[in-house]
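> Here's a structure for you.
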């Protein structure tokens, strides 16, 4: 009997604290040995990673795949294929755009049944917190929700029974209950009072451009909501996570709360580090998101916060929709276009190439993309290349640049704000628990191989 099921040979392996040329021996889906040289004769299969870096597969904790009910936006098969092609090996699917949304254990179990046998990579599910459903939180936790998500501003949506924003009492009460459960609450932190009033004013004045949209969701809306949520967290003892933070001021506020003992974390997304409001105006609604893209100065401040460790993790917020929804309304009404950036396939490549260009060490990039999210969300077997961990690997050629074309995207709808952009590296292969699930030369190699993950006790 062979010692290993697979040896990945000759790659520059991105470890938690260093980058070393190593062979990776895999047995029963786990990393069994790391060594300068392993005997290929001791493996059932050998993969050549010479000339490439082997990174831990991305753990993307912020993805919208929209089933059940809205698989025509994006579903488990196409969404997971895109993620696999981008070196992602585990994702957590958000609760809001399914019909019904995952705010009850029944809805969560129905979603899990649909996903079974259809995802190319491993996956887990968020539960939702919204008005009228605080009582459902314990059953959601028991059903395997990795964490809970709330919106502090209107999330939009087009379905009856859609996901709705929390009021202050629901947020406070929900935090208290989640704290009792030992859970984690994530928030889309923008002030509904500020954003709705400013949007109404601009629309009344027929000010409908991309710049007007951005001005209707100013940094102050994010700062106010973050401040309010941190106050509630401090009072309830709830562990909190802030999704897609877009301003350095909010990150500083979260850092201050951490120093006071609040168990808080913050994510940002590639689009806040790579794109600006100028790009949103140039590209159009394909680059529309909430919070909106900020100016160049804010983007650079965000990079400084990444570099000093104030950002705990990076997630894609892959938020797709039918292409026809990514169009302005009559009179160039940017407000009417659907908001959300579909960038899951490009996230690891974008962050690796831009991070390296800016001098960020590869272990730090891997921590943001893989180890940080895995640790925060209790996925103890994921996120790093180390003995005993799942053999979730992305083989990346850091010396190869390419221009992204729509035909390269594996997601259902082929729109992305990064089309035409030159990306400075390329994922060649993706392994999940030691199984090749994507190869550039053949596409998805193992459809439906992914398994559901739940937080460690």
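> Yes or no: the stretch 236-247 includes at least one residue that is without any contact (Cβ under 8 Å) to a residue 60 or more places away in the chain and in a helix (DSSP H, G or I).
no
> For the stretch 392-428, which positions are more than 20 Å from the chain's Cα centre (by Cα) and either in a strand (DSSP E or B) or within 25 Å of residue 27 (Cα to Cα) (or both)?
Those that are more than 20 Å from the chain's Cα centre (by Cα) and either in a strand (DSSP E or B) or within 25 Å of residue 27 (Cα to Cα) (or both): 397, 402, 403, 422, 428.
Table: residues versus (1) in contact with a helix residue (DSSP H, G or I) (Cβ under 9 Å, 6 or more places away or on another chain); (2) under 16 Å from residue 62 (Cα atoms); (3) buried (at least 22 other Cβ atoms within 10 Å of the Cβ); (4) free of Cβ contacts under 8 Å to residues at least 60 places away in the same chain.
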residue: 325; (1), (2), (3), (4): yes, no, no, yes
residue: 331; (1), (2), (3), (4): no, no, no, no
residue: 344; (1), (2), (3), (4): yes, yes, yes, no
residue: 355; (1), (2), (3), (4): yes, no, yes, yes
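> Here's something else I'd like to know. Failed condition for residue 58, given (1) surrounded by fewer than 22 Cβ atoms within 10 Å (Cβ to Cβ); (2) in contact with a helix residue (DSSP H, G or I) (Cβ under 6 Å, 6 or more places away or on another chain); (3) closer than 15 Å to residue 389 by Cα, with all others met?
Of everything listed in (1) surrounded by fewer than 22 Cβ atoms within 10 Å (Cβ to Cβ); (2) in contact with a helix residue (DSSP H, G or I) (Cβ under 6 Å, 6 or more places away or on another chain); (3) closer than 15 Å to residue 389 by Cα, residue 58 misses just condition (1).
> Could you tell me which numbered condition residue 98 fails, if it satisfies all but one of (1) buried (at least 24 other Cβ atoms within 10 Å of the Cβ); (2) in contact with a strand residue (DSSP E or B) (Cβ under 8 Å, 6 or more places away or on another chain); (3) part of a loop (DSSP other than H, G, I, E, B)?
Status for residue 98: all satisfied but (2).
> Continuing with the same structure: Would you call residue 198 over 18 Å from residue 340 (Cα atoms), within 25 Å of the chain's Cα centre (by Cα) and either at pLDDT 95 or above or not in a strand (DSSP E or B) (or both)?
no
> Quick one: what pairs do we get from the stretch 432-446, first residue closer than 20 Å to residue 43 by Cα, second assigned to a loop (DSSP other than H, G, I, E, B) and at pLDDT below 95, C-beta under 8 Å, 6+ apart or different chains?
What qualifies is 432/446; 435/446; 436/446; 437/446.
> Name the residue, out of 370, 386, that is closer than 29 Å to residue 46 by Cα and either buried (at least 24 other Cβ atoms within 10 Å of the Cβ) or within 19 Å of the chain's Cα centre (by Cα) (or both).
When all the criteria are applied, what remains is 370.
The values are calculated or read from the model by the stated rules, or taken from the named source; none is laboratory data. Just so we're clear, the structure is a prediction, and the values are computed from it rather than from any experiment. Note: ideal-geometry Cβ built from the backbone for every residue, glycine included; neighbour counts use all protein chains shown.
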